[in-house]
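Taking it in order: structure first as structure tokens, then the write-up.
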Amino acid sequence: MAFNLNSLVKGNILKLAPYSSARDEFSGDAKVFLDANENSFGSPLNRNYNRYPDPHQKQLKKKLATIKNVEADQIFLGNGSDECIDLLYRCFCKSGVDNVIICPPTYGMYEVSANINEVDLKRVDLDENFQLRLAEIENAIDSNTKLIWICSPNNPSGNLLNEADIKTLISKFSGIVVVDEAYIDFTDSVSFNQYLSQYPNLVVMQTFSKAWGLAGLRLGMAFASTEIIAIMDKVKPPYNINQVTQELALQALENENQMLEMQTEIVTLRQSLAETLLQLPMVDTVYPSDANFLLVKVKDPAGLYQFLIDKGLVVRDRHKVILCDGCLRITIGTLSENEELINLMHEASI
Ligand SMILES: *Cc1c(COP(=O)(O)O)cnc(C)c1O
């Protein structure tokens, strides 16, 4: 089916004249700024944050573009991926009319954001290997289906989804396929970013919250055609990425090697933790992981979860989630944190 972006965007968004900020109307090199009602004296801090930040995050996007091998105008930056998710609903989904498809078990925000935006949600569960069921997804698509959410590597199962399946879906669907790659840095696989020029209906999401170790800053990325990015830009709050985040993210990007070292260490520890866990009698399965966590099936998930909490160690209880019977989701910690987990699990089985 043919992809037509303008017919996909909500009418009010297509017509929207965006807010024009002071920093939009003047972006040259003036000496005196009396245009934005800022406090010209400074801030009650060691550093000044009295000026509004760049609404287009130009410096940050320029640096990111080289690292991610995309054009700067193919990048959208959000206050966490969560803002990107919400914006996609607000740009494309009419409340009470349109619908989206998710593939459980998967990231919870796709559903919460659908509920907030009053958008109908269709669920097509993954198969027993946590892979897409393509025929069922195609059956679920109707003329009001605007978005399909794909999470790869998937949270909470941890595995990459079959790349050929995702491509088939993108080719056949006339709406937008969002591929959430929050955990892509922990895999050997390349990003779907490389297919942006091939697929006008592809949105790729990544984040600074995982491999980059910057969850506290709240910075998420979306990559797509310049046309889709322009629509998201129109709808976002003008100053959605604050000055501190822009400065620190730029600094972090200059230290990419440090991120790569952590990433390598996490992947190594993932392997050793998986092997150690498998030797425990209470552990039934450790699912293969392409992420920075393990989905672990244990004999008494609720009991173990509570035991660990009582000892001050918290993991994520997923045992009530579909296809995750008996499962806890465990983030890879430092070497000593992982050892503490194993020691407590030994203790729990006595
Ligand atoms: C952690 C995670 C994110 C990151 O969300 P942020 O809002 O950027 O912190 C996005 N998607 C998935 C599937 C995740 O697990």
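FYI, it's all coordinate maths here, none of it is from the lab. Keep in mind the model is a prediction, meaning the values are calculated, not measured. Reconstructed Cβ throughout: ideal geometry from the backbone, glycine too, with neighbour counts over all protein chains shown.
Worth a mention:
- When residues of segment 179-211 are limited to those that are more than 10 Å from the ligand (Cβ to nearest atom) and under 15 Å from G78 (Cβ atoms), the one farthest from the chain's Cα centre (by Cα): V203
- Exclusive hit being within 16 Å of the ligand (Cβ to nearest atom), over 18 Å from the mean Cα position of the chain (by Cα) and farther than 22 Å from S209 by Cβ, set L45, L132: L132
Table: residues versus (1) surrounded by 12 or more Cβ atoms within 10 Å (Cβ to Cβ); (2) assigned to a helix (DSSP H, G or I).
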{"residue": "E261", "(1), (2)": "no, yes"}
{"residue": "I266", "(1), (2)": "yes, yes"}
{"residue": "S272", "(1), (2)": "yes, yes"}
{"residue": "E275", "(1), (2)": "no, yes"}
{"residue": "D290", "(1), (2)": "yes, no"}
{"residue": "L294", "(1), (2)": "yes, no"}
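- Filtered residues of segment 80-110 (kept if more than 11 Å from the ligand (Cβ to nearest atom), in a helix (DSSP H, G or I) and over 17 Å from N144 (Cα atoms)): L87
- Taking the criterion of being on the phi < 0 side of the Ramachandran plot, of a type in the set (G, A, S) and in contact with a Ser or Thr (Cβ under 8 Å, 6 or more places away or on another chain), the residues of segment 151-206 that qualify are G175, A182.
- Unmet requirement for A215, which otherwise passes all of (1) within 16 Å of the ligand (Cβ to nearest atom); (2) touching a residue at least 12 places away in the same chain (Cβ under 8 Å): (2)
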